[in-house]
Amino acid sequence: MLNFFIPTLAFLFQQASGSRLSQTWDAATHPDLAKFLVIGALLFIIGVAGVLTRRNIIVIFMSIELILNAANLNFIAFSRYLQETGNANAVAGQIFTVFVIVVAAAEAAIGLGIVIALYRNKETIWVDEIDLLKW
Amino acid sequence: MRLSGYEALFFWIFALAAIFAGLLTVMARNAVHSALFLISSLVSVAALFVLAGAEFIAGVQILVYVGGVMVLFLFVIMLVNVGAEEKGRDEIFNKQKQVAASLIFCFLLVAGVLYAVSEGYKGMQARNTTPPEQIAAQQAQRDRSLAVGATRTSRITDDTEQVGSSLYRYAALPFEIASVLLLVAIIGSVMLARTLKQEVSADDVDPETLQEEKALDPELAQLEPRSE
Amino acid sequence: MYKYIWLVPLLPLIGAAINGLLGRRLRFSEKLIGGIAVGSVALAFLISVAAVYSYGFGGHPHWPNPYLTSQDGFSFSWIPGGAVSVNHGTEANRYELLNIEWSYQLDPLSAIFMLIVTGVGLCIFIFATGYMHGETGFYRFFAYMGLFMFAMLVLVMGSNFLMMFVGWEGVGLCSYLLIGYYFDRQEAANASRKAFITNRVGDFGFALAIFGIIATFGSAQYTDVFNQAKSYDIELLGHWGILSWIALGLFIGACGKSAQLPLHVWLPDAMAGPTPVSALIHAATMVTAGLYMVTRTNVIFQHSQTMLLVVALVGMGTAIFAAIIGITQNDIKKVLAYSTVSQLGFMFMAAGVGAFAISIFHVMTHAFFKALMFLGAGSVIHGMHHEQDMRRMGGLKKYMPYTYWTFFAGWLAICGIIPFSGFWSKDEILWNAASTTYIPLGWLVWLIGTIAATCTAFYMTRLMAMTFWGKERFLEHRAGGEADEAHAAAYDEGHAPHDAVEPAAGDRPRHQPGEHVGPVDHHVHMPHESPRAMWVPLVVLAVLATIGGFVGIGPVFEPLTGSKHPGGNLNIVNWLKPVIWDPVTREFPTGGDHGAVAEHPAPAPAPATEAAHSSTAPETAHAETRWFNLAHAVDNVVHNHWLTEVLFVIISLIVAGIGIGLGLLFYVKSPGLPDIWAQRLRPLYNASYNKFWVDEFYGWAITRRVMDSARGVYAFDSRIVDGVVNGFAAVSRGISLVVGAVDKYFVDGIVNTIAAFIKRLMSPLLRAAQTGFTQNYALVMVLGLMIAVAIFFARDIATMLRLMLTGS
């Protein structure tokens, strides 16, 4: 298991040439696309964990916003990378981000409307108390 | 897109801030605290956007996401009155089984994602023929062609210009569809959040249900619809 | 001209086909239909006359040899058959292929019949156009009549037995169709069926005889058969051989067709048909087909002495039987019908005693006067507005003069008054009966025949008196009477809409629309004379009935006429000589005058021939008669043969006079006498009035027994056979019930148990997944995402696991 992770983590800080430490330092002081993606991945996981663990429905929604945000970060990172490597369609990433934001806003509005209606009917915000679909 | 110098420094600051804020969002007891932590996370991510050269999106993020969506969250938190948590009596996390399973899955998932990123980046590097320095030099050259700002400290990037020209030309149809989507969301949220009294006044209640509700709340009868 | 005799049957057939197939569809007018029918028959008659003239008279007559149309190619091979043995007398077991052809034969016998059928038929057709006026089935009537003419002509003109049989059946069919012309009347339908079925009984015998002929002689052509038959030995009384069998079959056929004693029952009922039908079919032509057949096959009959006796006795019995019944009948047509049966008996009497030519002579004269009387009766019925009961007629003399005078001629003819036609033929019959050497009991035949002749004169005088003379009884009678009652009954039962517009069923009174029908007072119809189309043929036939007998002036008048059979070929006996086999010479004579001519080796000397009169003696084995011969007995008393003959003539005239006188006495002078004598002879009167209960006897003995056996068979079928079938069905039903129960309780039970078991097993497991807890569902989604990622990296994960486990 460790054999799996150590090369991975080490890679994050690696550079093409030089000693391992210098490579690591170099990679650290010059964050690249990979760093962005990793940050996004971590945010994503945190958001997923929040969705699955919290009882408060508002917090679950906020975790969902985290997830969407992580995805946006990925898009922007790739957009930049592609722009630098000369791809003509690089701005598509940013366009996509715009739409993700739009959808996230719409979904938040609707979702919170549902929460309001649910609260009016059941007087609770704890998800585990809303189990009407239980057999 | 190698960042260097102060960019790299700020990258690390904002990256760690974002992760930390995100973690606290998930773990805060108070919902308002969660919201505020989320706001800070969003702002950090916006800064990361700037560092990645997408200033327009950063602005959009702050205006829309933080300024709109999070404010909406805060309003809803106010409406649903989650004050009870502050006293620390209610559980904020699910049952142990659920939490355990979630953490295990998340852990596995992050392992997979990180592995994927590493392998994928290696592959991309292998495919990329031009060395990173050359890419950076080209990008620097492109940057030099930009106009200089008024204060002469930075250049005026063309990101907004690019986004705008693409959005209103190539992405015009998705743009319009997105606007319709927002319209639908507005209508939907208004409809979903109506009270019974509002629905009765608008004559929007099923007669059977109306009878039942009238039995519970006699005032509804006076609200009989203004049918013209 | 005789080459074209094949046209003679064809023309009426074409006329019938046109009328029958197109008459209704194209809506021919009555004039057109009548014109086609009468025209076709007239044309056929003219061709017949020309043919017979060219055959027997004129420059180079073909007579006496028969002429077959196959000689000139007007024939076709009809039934090619298999091998039959042809023995030709002495040779044994020669085989030839039987070939039955369709060709017409013109010889003296068929010539006479051709002329009678077409000539008398023409008169009747013309009469019918007037009589059937107004019928909706006008076209149908003439179609059937034309068809009948065709069939009858095929019968008499055919050259072989099978063509005769075809014609035989054809006239039977047409008789059925025409008797049942008013098919909506139950009476007519029953009568037509009775006629057909009784005919069929006779036809059975006829068919067997034809089979015998083909088997014995190997051919069906007349010429072949008779040439072979003439060399066979004569089967004397008491010996019964093949020729007797054949003759028996033939005679049974003749009995059926010509209404002789056991099979006569259909003829009186056949009067339910229209009167022209009765005249043509049941007086002049169809019923004489039996006579034709017997005369045609006289070779065979003469070879069988037993059969000749049978023929004579049956004829005699029929004559007296029918004559007795005719005395008491009240329906004018029934009287004439029984008279027909009686006269047919006379004809068979003549054939039975060996006087075949005389029987044909009587056929001819009978055709004339009987057709005349039937048409006259039709005219009376028409004039009396379809009243047929003589008790309601009377004094019609002054209302219907033409009808009366023509009927008068016919009456004198049938009574046998000189010089009318009936006298000549009837007298010859009785003389031949008395003097016959062919069969024993000739004297009995003569005696009964004379009595029958007396009865004939009596009832015909009765008919004349009741119909034409005396009081006009129709003025007195109001509603009631047989015709009116039957009419009213049908109306009450709703069978017939008695509207003047609708075709009135049969000879029933026609009424004005709205007139009430029934036993209430209905006004008297004054009789009127018939239209010209109806009385002109009557006049023609009356003339024939008056002078028609001169073709047969017998030898008794030799002193006056100068020869035995005066007139050469015009004399019927001379004319028919080539057809009648001569047992003395064992040949068919080649004709000519004065009987035996030098052309054939005649062992009998001339005086003996004279003494033997018109019929020659049979074989010498019994030339001296072992039995009593009346003529010879009288001869021995009077010692003058001619005087003997004159005596018999006078006797027949006297008995005719007695009959007429009694008739006048009973019905003109003292009308009360009939009732007194009816009382005195009550049993005989009842027997006569009820037709000797023959129909009732047949009904009991045959009809009801057949229906009983039918009922028995039906019971067997419905109870036993159907019972078995139903039993099988019940067994099947039982089996299906058992199988159904097994399926319902056993099989379905197993299936339900298994299903319940599965449900109990799986249900809690599946239910456990439905927690209602949203985050559980979200967790499952994440799990799915993980699996997708894992699949994406399946190979790498496998490598990693391998590395981990194997250690590297």
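Within the stretch B:183-204, the set of residues being of a type in the set (Gly, Ala, Ser) and at the interface with another protein chain (Cβ under 10 Å from one of its Cβ atoms) comprises B:Ala185, B:Gly188, B:Ser189, B:Ala193. Just one of (1) open to solvent by less than 10 Å² (accessible area, probe 1.4 Å); (2) within 14 Å of chain C (Cβ to nearest Cβ); (3) within 22 Å of C:Leu785 (Cβ to Cβ) fails for A:Ile60. It is (1). Here the condition is being modelled with pLDDT under 90 and open to solvent by less than 10 Å² (accessible area, probe 1.4 Å); of C:Gly345, C:Gly394, it holds for C:Gly394 alone. Does the stretch C:387-408 include one or more residues that are among the charged types (D, E, K, R) and over 21 Å from C:Ile327 (Cα atoms)? Yes; the residues of the stretch C:387-408 include at least one that is among the charged types (D, E, K, R) and over 21 Å from C:Ile327 (Cα atoms). Of the residues screened, C:Ala545 is one that is open to solvent by less than 20 Å² (accessible area, probe 1.4 Å), assigned to a helix (DSSP H, G or I) and either modelled with pLDDT under 85 or small (Gly, Ala, Ser) (or both). The residue of the stretch B:154-163 that is most open to solvent (accessible area, probe 1.4 Å), among those that are free of Cβ contacts under 8 Å to residues at least 12 places away in the same chain and more than 8 Å from every other protein chain (Cβ to nearest Cβ), is B:Glu161. Among the helices (runs of 4 or more DSSP H) confined to the stretch C:677-780, the ones with at least 3 residues that are open to solvent by 80 Å² or more (accessible area, probe 1.4 Å) are located at C:682-689, C:704-715, C:722-741, C:748-768.
Of A:Ala105, A:Ala49, which residue is buried (at least 24 other Cβ atoms within 10 Å of the Cβ), in a helix (DSSP H, G or I) and at negative phi?
A:Ala49
Within this structure, A:Val127 passes the test of being touching a residue at least 60 places away in the same chain (Cβ under 8 Å) and within 14 Å of chain C (Cβ to nearest Cβ). In the set B:Leu42, B:Leu16, B:Leu3, only one residue is within 7 Å of another protein chain (Cβ to nearest Cβ) and either assigned to a helix (DSSP H, G or I) or more than 24 Å from A:His30 (Cβ to Cβ) (or both); that residue is B:Leu42.
Could we say that A:Leu68 is closer than 24 Å to B:Asn94 by Cβ, more than 7 Å from every other protein chain (Cβ to nearest Cβ), free of Cβ contacts under 8 Å to residues at least 40 places away in the same chain and surrounded by fewer than 24 Cβ atoms within 10 Å (Cβ to Cβ) here? In short, yes.
Against the condition in contact with a helix residue (DSSP H, G or I) (Cβ under 9 Å, 6 or more places away or on another chain) and open to solvent by less than 10 Å² (accessible area, probe 1.4 Å), how does C:Thr275 come out, does it pass? In short, yes.
Against the list (1) at pLDDT 90 or above; (2) within 7 Å of chain B (Cβ to nearest Cβ); (3) farther than 26 Å from B:Asn81 by Cα; (4) open to solvent by less than 20 Å² (accessible area, probe 1.4 Å), the condition A:Glu84 fails is (1).
Of all the criteria given as (1) aliphatic (A, V, I, L, M); (2) open to solvent by 30 Å² or more (accessible area, probe 1.4 Å); (3) modelled with pLDDT under 80, the one not satisfied by C:Val86 is (2).
Scanning the stretch C:397-417 for residues that are within 21 Å of C:Ala367 (Cβ to Cβ), at pLDDT below 90 and surrounded by fewer than 18 Cβ atoms within 10 Å (Cβ to Cβ) yields one hit, C:Ile417. Elements of the type helices (runs of 4 or more DSSP H) sitting completely within the stretch C:216-311 and holding at least 1 residues that are under 22 Å from C:Gln105 (Cα atoms), among the aromatic types (Phe, Trp, Tyr) and touching a Lys or Arg at 6+ places or on another chain (Cβ under 9 Å): these cover C:222-229.
Among the residues in the stretch C:420-433, are any at positive phi and modelled with pLDDT of 85 or more?
Within the stretch C:420-433, the subset at positive phi is none.
Looking through the stretch C:420-433, none of the residues is at positive phi and modelled with pLDDT of 85 or more.
Here C:Leu22 fulfils each of the conditions (1) at pLDDT 90 or above; (2) out of contact with any Leu (no Cβ under 6 Å at 6 or more places or on another chain) apart from (1).
Scanning the stretch B:122-153 for residues that are facing chain A (nearest Cβ under 9 Å) and over 15 Å from A:Arg80 (Cα atoms) returns B:Lys122, B:Gln125, B:Asn128, B:Thr130, B:Pro131. Kindly establish whether A:Asn121 is buried (at least 23 other Cβ atoms within 10 Å of the Cβ) and within 29 Å of B:Ala31 (Cα to Cα). Against the criterion (buried (at least 23 other Cβ atoms within 10 Å of the Cβ) and within 29 Å of B:Ala31 (Cα to Cα)), A:Asn121 does not qualify.
Can you find even one residue in the stretch C:656-669 that is modelled with pLDDT under 85 and either more than 30 Å from C:Leu463 (Cα to Cα) or among the β-branched types (Val, Ile, Thr) (or both)? Checked against the condition, which is being modelled with pLDDT under 85 and either more than 30 Å from C:Leu463 (Cα to Cα) or among the β-branched types (Val, Ile, Thr) (or both), the stretch C:656-669 yields at least one hit.
Within the stretch B:91-110, residues that are at the interface with chain A (Cβ under 7 Å from one of its Cβ atoms) have Cβ atoms under 8 Å from residues that are part of a helix (DSSP H, G or I) and open to solvent by 50 Å² or more (accessible area, probe 1.4 Å) in these pairs: B:Leu109/C:Leu785; B:Val110/A:Leu42, counting only partners at least 6 apart in sequence or on another chain. Somewhere in the stretch B:46-53, is a residue closer than 30 Å to A:Ala34 by Cβ, at the interface with chain A (Cβ under 9 Å from one of its Cβ atoms) and not in a helix (DSSP H, G or I)? Yes, the stretch B:46-53 has at least one match.
Assessment of the stretch C:793-807 against the conditions (within 14 Å of chain A (Cβ to nearest Cβ), among the aliphatic types (A, V, I, L, M) and exposed (fewer than 10 other Cβ atoms within 10 Å of the Cβ)) yields at least one matching residue.
The values are calculated or read from the model by the stated rules, or taken from the named source; none is laboratory data. The shown structure was predicted, so the numbers you read here are calculated from the model rather than taken from an experiment. Note: ideal-geometry Cβ built from the backbone for every residue, glycine included; neighbour counts use all protein chains shown. Calculation scope for accessible area: heavy atoms of the full protein, side chains included, ligands and nucleic acids excluded. Shrake-Rupley method; radii C 1.70, N 1.55, O 1.52, S 1.80 Å.
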